[in-house]
Every structure is written in C-alpha cells, then in structure tokens.
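Visitor: Attaching a single structure in structure tokens format; questions to follow.
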Amino acid sequence: MSRHRPPKPQREPRPSPRQERSRRAPDAAAPGSRGAHLVYGFHAVRAALEARRRPFLALHATEAAAERLADVIAAVRLRPHLVTGEDLSRRLGAQAVHQGVLLEAGPMPTLDLSEIESRSGLVLVLDQITDPHNVGAILRTAAAFAVDALVTTTRHAPEMSGILAKAASGAADLVPIVEVVNLARALEELAELGYWRVGLDSEGPTPFEAAPVSRPLALVLGAEDKGLRRLTRERCDALARLDMPGAIKSLNVSNACAVALTLARQRLAAAG
C-alpha cells in the first residue's frame with residue numbers, strides 16, 4: 001500500500017458567487033469564479049498538477065479519476081471534491097471529454113520577451129490564431145520540439161483553458177508563454193534580441209527549405225483564413241512557403257507548424 005494517500009474526497013459544495021479576477025494576479029479565487037481557468041481531461045490535469053506553474057483553486061473528480069491521480073494529488077496536497085461524471089458534463093457541456101476530472105486553476109504566468117531562456121534557439125509567434133484546437137495542437141507540437149517559448153497576443157487569442165488545454169494534452173503547462181499587446185513591436189524587439197524572423201506564408205516568394213534561417217529563430221504563423229497581417233509581414237526577415245508534393249497544397253496551421261519545425265531543426269542542425 002502506498003505511504004502517500006490523497007486527502008479524503010469531499011462532496012461538491014455549492015458554487016460561490018462569480019468574482020472578477022485579474023489575469024496578472026493569479027492569487028486565490030473562489031471555485032466557480034469567472035477568473036478560474038478550467039483544465040479537464042486526465043493528461044491535461046496531471047500535467048498541470050505536476051508542473052505547479054499556476055495556483056490551484058479546486059479539483060473536482062470522480063472516485064475513479066481521483067484514484068488514478070492519487071500520487072500527484074498527494075504531492076500537491078490538494079483536496080479533491082467528489083463528483084459524478086454527469087456533474088462534470090453538466091458543467092462543461094456534453095461534448096467535453098473530461099475523463100472524470102476538472103481542475104480550476106489560476107492563469108498561467110507569462111514572461112517578457114527578454115526573459116525567454118534560449119535552449120533550442122526556437123520560438124513560435126502566433127499572429128491572431130484564435131481557434132483553441134489549433135493553438136492547443138501547436139502547443140503540443142512546441143513541447144515535442146522543445147520550443148523555448150510561444151509568443152501570442154493579449155487580444156484575438158484563446159484563453160489557455162478549457163478546449164485549448166484539452167487539445168494541448170498537458171503542453172499548455174510545459175511551454176513558456178509570452179503575451180504581447182502589439183505584435184509588430186514584439187517582432188522588432190525579437191530582432192533586437194538577435195532573433196531571425198521567418199514568416200510562414202502560403203504566398204511566400206521562397207520555399208521554406210531555401211529560405212535563409214539562423215539561430216535563434218522566430219517562426220511566425222498566421223491564422224488560416226487571414227494569414228499574416230501586413231505589419232507582421234513587414235517585420236519578418238523572410239517570408240517562406242511550404243510546398244506540398246501531393247494534390248492537397250495547403251495544411252491546417254498546426255500541421256504546417258509541425259512541418260516547419262521539423263525543417264527548421266534539420267536546417268539549424270546542419271548549419272551547426
């Protein structure tokens with residue numbers, strides 16, 4: 001029998017009145033408050049609890065899910081509220097694949113551009129990509145490729161919660177996030193920090209394989225419907241396209257990100 005047992009689950013209390021919370025002040029908040037980020041699904045919740053990068057406000061779990069997470073629940077000393085799967089489905093919606101567990105947490109801490117620790121020499125910059133499934137998949141790819149940070153905007157970007165966190169399958173708590181107000185200015189600052197900025201553009205003049213790259217590299221991605229905005233394009237050092245050999249010539253932005261990161265790592269490794 002394990003020496004570390006999770007706190008005994010307790011029944012779900014009535015939700016507290018909703019309260020406004022600042023994204024930049026991730027201190028305690030009442031369960032059910034508007035400021036809480038909702039993380040659900042086994043892998044996403046486990047990753048959040050293991051990473052300990054944000055405050056935990058409440059954990060709601062079925063008996064089976066609490067047992068599966070017993071080790072990490074004990075490690076973070078969090079008392080789970082016992083619920084049924086139907087309780088969670090009513091709260092999250094019938095389409096949410098919650099796997100019997102929901103974590104209410106504060107927002108992820110964010111960095112300034114100057115605080116990025118360059119290990120792989122790769123960062124991703126998202127230009128108003130708003131679909132949470134796409135951003136979640138991009139985060140998962142970023143974690144797999146050991147990307148140093150993901151740069152996104154404070155507006156026209158999905159919250160690091162709910163559907164996004166589920167799609168990221170834990171990566172939302174692994175990849176450092178930089179939020180900026182003005183993306184064009186952020187790209188200028190990245191240049192000042194030594195980054196070479198390559199924008200992925202289906203109409204780019206150069207195939208990605210032939211585009212100039214150097215480390216550290218900022219790979220800039222735009223939304224599928226609009227692509228890169230004019231000011232974003234103007235602040236890239238190069239614009240490159242992905243040439244597909246098959247009948248389908250364009251990719252979902254998250255798939256294009258994975259292809260571009262593969263090519264970028266190969267080219268940077270070859271350059272030494």
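Just so you know, all these numbers are worked out from the coordinates, no wet-lab data involved. Just so you know, these numbers come straight off a predicted model, no measurement behind them. Cβ coordinates were reconstructed from backbone atoms using ideal geometry, including for glycine residues, and neighbour counts include every protein chain displayed.
Visitor: Once you have all Cα-Cα distances for the stretch 110-271, histogram them in 5 Å bins from zero and send the whole-percent values.
Guide: 2, 9, 20, 24, 23, 15, 5, 1, 0
Visitor: Using DSSP to call loops (not H, G, I, E or B), can you name the GluC sites (Glu not before Pro) in the stretch 85-168 whose Cβ has at most 16 other Cβ atoms within 10 angstrom?
Guide: Sites meeting the loop and neighbour criteria: Glu117, Glu159.
Visitor: Round to the nearest 0.05 the FRET efficiency obtained for Glu203 and Ile248 when R0 = 25 Å and r is the Cβ-Cβ distance.
Guide: E(calc), rounded to 0.05, equals 0.90.
Visitor: Per residue of the chain, what 222 nm ellipticity follows from adding -39500 (n - 2.57) for every DSSP H run with n ≥ 4, rounded to the nearest 500?
Guide: That comes out to -9000 deg cm²/dmol.
Visitor: If you don't mind, another one. Compute a Gaussian network model of the chain, connecting alpha carbons closer than 10 Å, and tell me which residue from Ala36, Ala146, Ala172 fluctuates the most.
Guide: Residue with maximal mean-square fluctuation among Ala36, Ala146, Ala172: Ala146.
Visitor: Rounded, prolate or oblate: which one fits the stretch 26-105, using the alpha carbon gyration tensor with axes a ≥ b ≥ c (rounded when a/c is under 1.5, else prolate when a/b beats b/c, else oblate)?
Guide: Oblate, since a/c reaches 1.5 and b/c is not below a/b.
Visitor: Using P(r) over Cα pairs in 5 Å bins from 0, in percent as the read-out, say which of (1) 1, 6, 13, 18, 20, 18, 14, 8, 3, 1, 0; (2) 1, 5, 9, 11, 12, 11, 11, 10, 9, 6, 5, 3, 3, 2, 1, 1, 1, 0, 0, 0; (3) 1, 6, 12, 16, 17, 14, 10, 9, 7, 5, 3, 1, 0 was calculated from these coordinates.
Guide: Structure-derived value, by its label: (3).
Visitor: Next question, about the same structure. Restricting to bridges with both residues inside the chain, how much of the DSSP beta-bridge set is antiparallel, in percent to the nearest 5?
Guide: 25 percent
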